[in-house]
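> Pasting a structure below so you can have a look.
The values are calculated or read from the model by the stated rules, or taken from the named source; none is laboratory data. The shown structure was predicted, so the numbers you read here are calculated from the model rather than taken from an experiment. Positions of Cβ are generated from backbone atoms using ideal geometry, with glycine treated the same way; all protein chains shown enter the neighbour counts.
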Amino acid sequence: MPFDVSASAPPLLSFCIPTYNRGGTLLPLVRRVLSVPSNDIQVVVLDNGSTDDTLALLSTIDDPRLLVRSNGHNLGVLFNVVNVLVQGAGTYSALLLDKDSLDPALVSNFLDFLRRERPECGYCEYGLASLVPPRWFTAGEAALRGVAYSCHHPTGYFFRTQSLRAIDVTTRFTDYEFVGHFPFEFMQAELCLRGPAAIYQEPVFIPEVLQFAKSAKSHGTHAGKEDAFFSPKGRLKMAVNFSDHISSMEIAPEVKRELILDRFAQGLRQSTVEFRRLMADESICDHYHIATRRVSLMETLRTAWWFHRQFSDRVLRREQPVTRLTQWRLLFGMVRRLQQAMGRHLARRFA
């Protein structure tokens, strides 16, 4: 089927692929996306100064739906993964990492969903059965509670492209000290105030398998650092930064408080239960350049208490005066949210 994007309307969806020195996996990925027989898609590749044959391999593809851009030199992982999202012509931009994949047979349904429902932003789940209906959240509090700050794997995040440009994402969300490895959480939170959000549940996107993660080392994370993003210190830092971002938004004080307590429960789970599981996974540890180790139950409990004290001192005491009564209320609220967060996490794992 011939394609001529110059003779048609702008594409509905740009698949945005940031890349660096992964020409061997990037080429088959791009060909796989372009196998979708539709003028409603575009593939945008932003090369971050690769020193391998990435650009030469891409030059072998003759398809007007492919747009290749290059930074010329390495501008850092964070800038590249954010900047690629505003390079395309699509009404929507969806992130697709160069180590992941997608199912071409399911793209048409996803396009129909975007065209019909017109969400402001959202993300795609993995591994669920086809024909599972999307989850829908109205703009404002419902979208913030349902979609924002999810810390989902980044492939499959989708955004209305013009809205990303309107909030100036490449300037505001490329400061590593503030957004860390999670710039998309901040973007989604702000877009959730502009329009409805969705979780699309058909498995359009396919994350890399753990065996490949073991052999393909991370370009952006070296977990030997004490504050690596999935370490307890890294999780505390992001929970505090998420809370600071929530405090800066124009939403009702009671909504801010609820969202901040949600961030506590999320960060506590990530820094204890999830950290313990991750440190026992050889494939993930190899991917992030560290050795596995056993995290004892006692260490997990100490981390939980430390996280609670640190978050309370840095965030909760700033938000409201803390009396003995409010301390107990906050503690019960935190426990309730932790239970809810664990329930949602287990439901996703065993769905």
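Here is a yes/no grid of residues against (1) over 28 Å from residue 254 (Cα atoms); (2) in contact with a Pro (Cβ under 9 Å, 6 or more places away or on another chain); (3) β-branched (Val, Ile, Thr):
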residue: 123; (1), (2), (3): no, yes, no
residue: 126; (1), (2), (3): yes, yes, no
residue: 133; (1), (2), (3): yes, no, no
residue: 144; (1), (2), (3): no, no, no
residue: 149; (1), (2), (3): no, no, no
residue: 178; (1), (2), (3): no, no, no
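> Looking only at residues that are more than 21 Å from the chain's Cα centre (by Cα) and at pLDDT 95 or above in the range 22-36, which one is surrounded by the most Cβ atoms within 10 Å (Cβ to Cβ)?
Result: 36.
> Any chance you could count how many residues in the range 248-268 are at pLDDT 90 or above and either assigned by TED's automatic domain parsing to the domain that holds residue 152 or among the basic types (Lys, Arg) (or both)?
2
> Would you pick out the residues in the range 74-120 that are crowded, with 22+ Cβ neighbours inside 10 Å and among the charged types (D, E, K, R)?
Result: 98, 120.
Listed here are the residues, each with its yes/no results for (1) outside the structural domain of residue 124 (by TED's automatic domain parsing); (2) modelled with pLDDT under 60; (3) among the charged types (D, E, K, R).
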| position | (1), (2), (3) |
| --- | --- |
| 287 | yes, no, no |
| 292 | yes, no, no |
| 303 | yes, no, no |
| 310 | yes, no, no |
| 316 | yes, no, no |
| 319 | yes, yes, yes |
| 337 | yes, yes, yes |
| 341 | yes, yes, no |
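> Okay, next question. Residue 268 is checked against (1) touching a Leu at 6+ places or on another chain (Cβ under 9 Å); (2) surrounded by fewer than 16 Cβ atoms within 10 Å (Cβ to Cβ) and fails just one. What number does that condition carry?
That leaves (2) as the condition not met.
> Okay, moving on. Would it be correct to say that residue 133 is exposed (fewer than 15 other Cβ atoms within 10 Å of the Cβ), not polar (S, T, N, Q) and not in a helix (DSSP H, G or I)?
In short, yes.
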